[in-house]
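**Student:** Take this structure first; my questions come after.
The values are calculated or read from the model by the stated rules, or taken from the named source; none is laboratory data. This is a predicted model, so every value here is computed, not measured. Here the Cβ positions follow ideal geometry from the backbone for every residue, glycine too, while neighbour counts run over all protein chains shown.
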Amino acid sequence: MIKLYGHELSGNVYKIRLLLALLEIEYEFVPIDVFKGEHKTPEYLKLNPFGQIPVLIDGDKVFPDAQAILVYLARQYGTEQWLPTEAESLSRVIRWLSTTAGEIRQGVESARLFHFFKVRTIDIDAATQKSAFILDLINRHLADREWLELEHPTIADIAAFPYIALAPDGQVSLEEYPYIVAWIERIKRLPGFVGMPGIEAVTTA
């Protein structure tokens, strides 16, 4: 059975849990208490020398890095919907994985680390400015489409979703970004969707 190592408050861990749920894949969750430094122990560093979460183990294969894990799961267990093979479509999806690891991390993810986790080494002014930049860009991008790329959800959406949806944890309001808010609600209505602290699943009467 697949094992996923991580912490329940991590957006990067959550995006893996979300894709696993959407793909209906059973797995074992192995909690790693980052507040106690369990991600820096010699045992964990053997799995990921960078000392970061998440790590996914599938059989004898070990995968660190959230974006890389999304690619593996989509290709190994998913369909063309989640990660296309056609060159142009694949390029468009991968672009958003880079954006997630770049501007989204530098913006809303860093703002959340500062305000929610009290990581004071972060330049909060720079993170706030970067948040405004990337949220405005994505909001305009979504003005005439339902998903970040193609005509259906892909791992581009799964990669970008958590920290954007968690932006209020970093004192970044989404009120000015109606197309992003609508996109968040569409993702929440995907069959199999699961939430996390700060991201509630849609309840139906």
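**Student:** Among the residues of the stretch 52-79, count how many are closer than 26 Å to residue 190 by Cα, surrounded by fewer than 15 Cβ atoms within 10 Å (Cβ to Cβ) and at pLDDT 95 or above.
**Tutor:** So the count comes out to 3.
**Student:** Now, a different point. Scan (1) surrounded by 15 or more Cβ atoms within 10 Å (Cβ to Cβ); (2) over 23 Å from residue 131 (Cα atoms); (3) hydrophobic (A, V, I, L, M, F, W, C); (4) more than 14 Å from the chain's Cα centre (by Cα) for the single condition residue 87 breaks and write down its number.
**Tutor:** Failing condition for residue 87: (1).
**Student:** Out of everything in the stretch 27-51 that is surrounded by fewer than 18 Cβ atoms within 10 Å (Cβ to Cβ) and either of a type in the set (Lys, Arg) or touching a helix residue (DSSP H, G or I) at 6+ places or on another chain (Cβ under 7 Å) (or both), what residue ends up being farthest from residue 14 (Cα to Cα)?
**Tutor:** The selected residue is 46.
**Student:** Is there a residue in the stretch 115-127 that is of a type in the set (D, E, K, R), within 23 Å of residue 9 (Cα to Cα) and surrounded by 17 or more Cβ atoms within 10 Å (Cβ to Cβ)?
**Tutor:** no
**Student:** Another one. Which condition from (1) outside the structural domain of residue 170 (by TED's automatic domain parsing); (2) surrounded by 15 or more Cβ atoms within 10 Å (Cβ to Cβ); (3) not aliphatic (A, V, I, L, M) is the one that residue 100 breaks?
**Tutor:** Answer for residue 100: the failing condition is (1).
**Student:** Which pairs turn up if I take residues in the stretch 133-148 that are assigned by TED's automatic domain parsing to the domain that holds residue 103 and look for partners that are in a loop (DSSP other than H, G, I, E, B) with beta carbon separation below 6 Å, at least 6 apart in sequence or on another chain?
**Tutor:** Within 6 Å, the pairs are 135/177; 139/177; 147/153.
**Student:** Limited to the stretch 170-198, what total is found for residues that are in contact (Cβ under 8 Å) with a residue 60 or more places away in the chain and either among the hydrophobic types (A, V, I, L, M, F, W, C) or farther than 25 Å from residue 130 by Cβ (or both)?
**Tutor:** 7
**Student:** Looking at 201, 165 in this structure, which one is under 24 Å from residue 8 (Cβ atoms) and either free of Cβ contacts under 8 Å to residues at least 12 places away in the same chain or surrounded by fewer than 15 Cβ atoms within 10 Å (Cβ to Cβ) (or both)?
**Tutor:** On inspection, the qualifying residue turns out to be 201.
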